[in-house]
Amino acid sequence: MLPANAHIVKCPFCGTKKELMTLASGNTFGARHWSDQKMIAPMLPRVSPVQQCLACGKYYLEYNQPYVEGDDWSSERGELSYQEWKEAYAQLQSDKRIKKDDLQIVRHQLIQAFNDEYYRGGDCAPAAEEAYFVNVIHEYIDACSWNKKNILFKAELYREAGDMDKCAETLSSISIDKLQDFEAKIYREIEDRMKKGDKIVFEIKA
């Protein structure tokens, strides 16, 4: 991993500047992959697609902001906690200028952040948070254009939402013999957990 000069962005609400990490190069050695499509790669860290202003506290899309290059590197990624992702989603949802595709990115990040908070470490989510999580999953599913390239993820989302009937229905629409070996492995992992009523995110082993 080789850092590059930081990108300095401005909050679109109050103009406060923030230095963010950029990389000249990186790699996926030692990366861990999860069924919610999260990748944890020590040698390829990523800046959060949504940033919170350190001054006014509002949230904004990082890629939408113009930047200038700094004089040195920065390790700042602007990562958000699960509760902060919830706040960001509420704010961005109410902004009519936000594109549908950007809201999908936020929903996906929120799903992963929920799993970080409660299930990736083996904890249990409170009932209210679980209900919120399930609602976000259904919003994601309803807003997505599904096809044979991403339909397996739809089955996984239904499983994580605890809707095993919908998960089974989605899996039944997929021809496992037409999947690549790695995809077929994930299919069987989802199916096995679905049959056990297990809705917890899982790590995908090579």
Scan the range 154-187 for residues that are of a type in the set (Lys, Arg) and surrounded by 13 or more Cβ atoms within 10 Å (Cβ to Cβ) and jot them down.
-> Lys154, Arg159, Lys166, Lys185
Is at least one residue of the range 145-153 under 15 Å from the mean Cα position of the chain (by Cα) and either open to solvent by less than 30 Å² (accessible area, probe 1.4 Å) or closer than 16 Å to Asp198 by Cα (or both)?
-> yes
Checking Leu80 against (1) closer than 23 Å to Pro45 by Cβ; (2) more than 12 Å from the chain's Cα centre (by Cα); (3) assigned to a loop (DSSP other than H, G, I, E, B); (4) aliphatic (A, V, I, L, M), which single condition isn't satisfied?
-> (2)
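A quick yes/no check of all residues on (1) under 14 Å from the mean Cα position of the chain (by Cα); (2) free of Cβ contacts under 8 Å to residues at least 24 places away in the same chain; (3) under 22 Å from Ile105 (Cα atoms):
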| position | (1), (2), (3) |
| --- | --- |
| Cys14 | no, no, no |
| Thr22 | no, no, yes |
| Ala31 | no, yes, yes |
| Tyr59 | no, no, yes |
| Tyr63 | no, yes, yes |
| Gln93 | no, yes, yes |
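Here is a check on your reading of the model: is Ile141 open to solvent by 60 Å² or more (accessible area, probe 1.4 Å), part of a helix (DSSP H, G or I), closer than 16 Å to Asp36 by Cβ and without any contact (Cβ under 8 Å) to a residue 60 or more places away in the chain?
No; evaluated as a whole, the condition is false for this residue.
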Could you check, for the range 95-106, whether at least one of its residues is under 25 Å from Phe202 (Cα atoms), assigned to a helix (DSSP H, G or I), at pLDDT 95 or above and out of contact with any helix residue (DSSP H, G or I) (no Cβ under 8 Å at 6 or more places or on another chain)?
-> yes
Unique residue being in contact (Cβ under 8 Å) with a residue 12 or more places away in the chain, out of contact with any helix residue (DSSP H, G or I) (no Cβ under 6 Å at 6 or more places or on another chain) and either of a type outside the set (S, T, N, Q) or farther than 29 Å from Ser35 by Cβ (or both) when the list is Glu79, Glu117 = Glu79
Taking into account only those residues within the range 102-118 that are more than 11 Å from the chain's Cα centre (by Cα) and farther than 18 Å from Val47 by Cα, which is most open to solvent (accessible area, probe 1.4 Å)?
-> Glu117
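The values are calculated or read from the model by the stated rules, or taken from the named source; none is laboratory data. Note that this is a predicted model, so its numbers are computed, not measured. Note that we place each Cβ from the backbone using ideal geometry, even for glycine, and neighbour counts take in every protein chain shown. For the accessible areas, the whole protein counts, side chains as well, though only heavy atoms, and no ligand, DNA or RNA atoms are used. Shrake-Rupley method; radii C 1.70, N 1.55, O 1.52, S 1.80 Å.
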